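Chemist: Take this structure first; my questions come after.
The values are calculated or read from the model by the stated rules, or taken from the named source; none is laboratory data. A quick note: this is a predicted structure, and the numbers were derived from the prediction, not measured. Because the Cβ atoms are built from the backbone with ideal geometry, glycine has one as well, and the counts that use them run over all protein chains shown.
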Amino acid sequence: MRFNTKSIHSGRRPDESTGAISTPICQTSTFVFDGYRKPKEHDYTRTSNPTRNVLEDTIAALEGGNAGFAFSSGMSAVATAIHLLSAGDHVISCDDLYGGSHRLFEQIMTRFGIEFTFIRLNDEEKIQDAVKPNTRMIWVETPSNPLLNITDLEMVSRIARENQLLSVADNTFASPYFLKPINFGMDLVLHSTTKYLNGHSDVIGGAIVTTTDKLAEDVHYLLNGMGTNAAPFDSWLVLRGIKTLPLRMERHASNALAIAEYLEDHPQVKEVYYPGLTDHPGHEIARKQMTGYGGVVSFKLKSDVGTFLHGLELFSLAESLGGADSLVEHAATMSHASMTPEARKKAGITEDLIRLSVGLEDVDDLIEDLDQGFKARSPSTK
Ligand SMILES: *Cc1c(COP(=O)(O)O)cnc(C)c1O
């Protein structure tokens, strides 16, 4: 099956026991045994659940992995993945990591003896230099958040193999429709399904896709042991969202490119960050490893941030991304507020940085809305 077909038919669909074309929501905590020592296929929903399993098989098929696992949030997927490590282990991670992952790594996991080095993963020598005797994992986000930096996954996975590190790609921003990290040698792919996979801003969820039986066994052991699993209803919503993932991603990307080009020409804009622009520093690598550039556009504003945000109507001021509705946010005080000011500075997340999650609306309406923001006068002088 090809991607568009997989997004609708992967997993056991239609449902084998009822023929339901829409996967039944198996809203149960436990499953009755056939008899003494005779469990059925499922015994307890934390361990496995039929609805969740269809979602897991679908995400695994879309990413080209051997198994998938669905979690209660992107962060519970991140937490589970990092628990593959033990005290004393060291992780190399990108410096412009998702704010919540940065907080988990730097503020929480360090208390359990895991060490982190945050660097820009754009220079092979720099990465090799960061490898220590206790390094076990390399963690990548590409395109990264919020500056859309691009990391060469082939280079990272090669370094990982040479040094026997586990390579992890958080593929939330691209979605498997535009990027399949496993094709470039990554061992583990992670998602906040809250974003594009679900796509409708109505679920918090996460996923991990593995590439070997050993990794699948280890991730499932942790999911079950830590109780980080996704609920049946949430799994069903994400499955429903995935059916239209290809269509949505195409629209997100075409709208985002049009907006990036509009912003590039705007006198109130200092700089635009979108990997689909030919002058973006990561454009060549993005072109090589992705089939599209996604729906997030960031830019630096010359004028007052508050005034601009106040002038917008269609772009709602909210964190998150990947939904049908366009959103705008101020990274320094919203999505990346959990980072220390020093970490933000190092990652280039300045006070004038605005991030757009370009939705599925008519792009002309979106551009008119931005125009209204640029023309707005400060609320106090209105
Ligand atoms: C949102 C996000 C997460 C965390 O996911 P939640 O579903 O909010 O817990 C992790 N990584 C990236 C890149 C994200 O955008």
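Chemist: Would you check which residues across the range 186-210 are among the aliphatic types (A, V, I, L, M) and more than 8 Å from the ligand (Cβ to nearest atom) and list them?
Modeler: M186, L188, V189, L197, V203, A207, I208, V209 - these are the residues of the range 186-210 that are among the aliphatic types (A, V, I, L, M) and more than 8 Å from the ligand (Cβ to nearest atom).
Chemist: Which residues, taken from the range 303-324, are touching a residue at least 40 places away in the same chain (Cβ under 8 Å) and within 13 Å of the ligand (Cβ to nearest atom)?
Modeler: Within the range 303-324, S320, L321, G322, G323 qualify.
Chemist: From (1) out of contact with any helix residue (DSSP H, G or I) (no Cβ under 7 Å at 6 or more places or on another chain); (2) more than 10 Å from the ligand (Cβ to nearest atom); (3) over 30 Å from R2 (Cβ atoms), pick out the condition that doesn't hold for N53.
Modeler: Here N53 meets the rest and fails (3).
Chemist: Additional query: How many of the residues in the range 80-106 are more than 8 Å from the ligand (Cβ to nearest atom) and surrounded by fewer than 22 Cβ atoms within 10 Å (Cβ to Cβ)?
Modeler: 13
Chemist: Only one of (1) under 14 Å from the mean Cα position of the chain (by Cα); (2) within 30 Å of S326 (Cβ to Cβ); (3) of a type outside the set (G, A, S) fails for L188. Which number is that?
Modeler: Going through (1) under 14 Å from the mean Cα position of the chain (by Cα); (2) within 30 Å of S326 (Cβ to Cβ); (3) of a type outside the set (G, A, S) one by one, L188 breaks only (2).
Chemist: Next question, about the same structure. Considering only residues that are of a type in the set (A, V, I, L, M, F, W, C) and away from the ligand (no atom under 16 Å from the Cβ), which ones fall in the range 56-79?
Modeler: Across the range 56-79, the qualifying residues are A60, A61, L62, A67.
Chemist: Applying the selection to the range 314-331, what residues are over 22 Å from H280 (Cβ atoms) and either under 19 Å from the mean Cα position of the chain (by Cα) or in a loop (DSSP other than H, G, I, E, B) (or both)?
Modeler: Those that are over 22 Å from H280 (Cβ atoms) and either under 19 Å from the mean Cα position of the chain (by Cα) or in a loop (DSSP other than H, G, I, E, B) (or both): L314, A318, E319, S320, G323, A324, D325.
Chemist: Go through L309, L247 for me and flag whichever is within 17 Å of A174 (Cα to Cα), surrounded by fewer than 22 Cβ atoms within 10 Å (Cβ to Cβ) and at pLDDT 95 or above.
Modeler: L247
Chemist: Something else: Hey, any hits in the range 214-237 for a residue that's among the β-branched types (V, I, T), closer than 26 Å to S93 by Cα and either under 14 Å from the mean Cα position of the chain (by Cα) or assigned to a helix (DSSP H, G or I) (or both)?
Modeler: Checked against the condition, which is being among the β-branched types (V, I, T), closer than 26 Å to S93 by Cα and either under 14 Å from the mean Cα position of the chain (by Cα) or assigned to a helix (DSSP H, G or I) (or both), the range 214-237 yields at least one hit.
Chemist: Which numbered condition trips up L327, out of (1) modelled with pLDDT under 95; (2) within 16 Å of the ligand (Cβ to nearest atom)?
Modeler: Checking L327 against (1) modelled with pLDDT under 95; (2) within 16 Å of the ligand (Cβ to nearest atom), the one that fails is (1).
Chemist: I'd like the full set of residues that are touching a helix residue (DSSP H, G or I) at 6+ places or on another chain (Cβ under 8 Å) and either under 16 Å from G294 (Cβ atoms) or not assigned by TED's automatic domain parsing to the domain that holds S157 (or both), limited to the range 168-189.
Modeler: Those that are touching a helix residue (DSSP H, G or I) at 6+ places or on another chain (Cβ under 8 Å) and either under 16 Å from G294 (Cβ atoms) or not assigned by TED's automatic domain parsing to the domain that holds S157 (or both): A169, D170, N171, T172, S175, P176, Y177, F178, L179, K180, P181, V189.
Matching residues to (1) assigned by TED's automatic domain parsing to the domain that holds T194; (2) assigned to a loop (DSSP other than H, G, I, E, B); (3) under 24 Å from L197 (Cβ atoms):
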{"position": "H280", "(1), (2), (3)": "no, yes, no"}
{"position": "R287", "(1), (2), (3)": "no, no, yes"}
{"position": "L312", "(1), (2), (3)": "no, yes, no"}
{"position": "T333", "(1), (2), (3)": "no, yes, no"}
{"position": "S338", "(1), (2), (3)": "no, yes, yes"}
{"position": "E342", "(1), (2), (3)": "no, no, no"}
{"position": "K345", "(1), (2), (3)": "no, no, no"}
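Chemist: I would also like to ask the following. Please specify each residue of the range 289-309 satisfying the condition of being outside any strand (DSSP E or B) and of a type in the set (V, I, T).
Modeler: T291, V305, T307
Chemist: Hey, can you tell me all the residues within the range 53-79 that are touching a His at 6+ places or on another chain (Cβ under 7 Å) and either modelled with pLDDT under 95 or more than 22 Å from S201 (Cβ to Cβ) (or both)?
Modeler: F69
Chemist: Among the numbered criteria (1) in contact (Cβ under 8 Å) with a residue 40 or more places away in the chain; (2) basic (K, R); (3) surrounded by fewer than 21 Cβ atoms within 10 Å (Cβ to Cβ), which one does K345 miss?
Modeler: Going through the list (1) in contact (Cβ under 8 Å) with a residue 40 or more places away in the chain; (2) basic (K, R); (3) surrounded by fewer than 21 Cβ atoms within 10 Å (Cβ to Cβ), K345 breaks only (1).
Chemist: Have a look at M339, M334, M290 and point out the one that is surrounded by 22 or more Cβ atoms within 10 Å (Cβ to Cβ) and more than 19 Å from N255 (Cα to Cα).
Modeler: Of the residues listed, the single one that is surrounded by 22 or more Cβ atoms within 10 Å (Cβ to Cβ) and more than 19 Å from N255 (Cα to Cα) is M339.
Chemist: If you don't mind, another one. Do any helices (runs of 4 or more DSSP H) entirely within the range 65-173 hold 2 or more residues that are among the small types (G, A, S) and over 28 Å from G227 (Cα atoms), and if so, which?
Modeler: Here the list reads 153-162.
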